[in-house]
1. Working carefully through the options Asp59, Asp36, find the one that is surrounded by fewer than 10 Cβ atoms within 10 Å (Cβ to Cβ), modelled with pLDDT of 70 or more, out of contact with any Leu (no Cβ under 6 Å at 6 or more places or on another chain) and among the charged types (D, E, K, R).
2. If only one of Thr27, Thr15, Thr10 is surrounded by 10 or more Cβ atoms within 10 Å (Cβ to Cβ), of a type in the set (Ser, Thr, Tyr) and at pLDDT 70 or above, which one is it?
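The values are calculated or read from the model by the stated rules, or taken from the named source; none is laboratory data. Quick caveat, the model's predicted, so the values are computed rather than measured. Note: ideal-geometry Cβ built from the backbone for every residue, glycine included; neighbour counts use all protein chains shown.
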Amino acid sequence: MSTEQPPIATFDEWTKEKLKREEIRRTNSIPKAAHDVTSLPSPDIIPQQATPRNYASRDCGAKVLFSNEEAENKVNNLS
C-alpha cells in the first residue's frame, strides 16, 4: 500500500501561500474601490485607535457583580 500523498506544507509555506492569495485578492479588488468617489470605512468596524482604554479595569469603574461559588480569592477581583 504505497499510496503517494502530496507532502503537507510547513506552516511557513502555508502562511506564505495564504498571504500571496490575500495579496492577489486585494490587488484584484482595488480597481473597484478606485472608481468610488469616497471610500468610507464600514460603520460596523471600530478602529483600534478609538478603543485604547480597558473598560474592564478598576480605573473605568468595572466591578464584578457575580462570582462562581468555587472561585478562589474572590475579594482580589474587581470590586
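1. Details: Asp36 fails: modelled with pLDDT of 70 or more.
Just a single option satisfies the conditions, and that option is Asp59.
2. Details: Thr27 fails: surrounded by 10 or more Cβ atoms within 10 Å (Cβ to Cβ); Thr10 fails: surrounded by 10 or more Cβ atoms within 10 Å (Cβ to Cβ).
Checking each option against the conditions leaves just Thr15.
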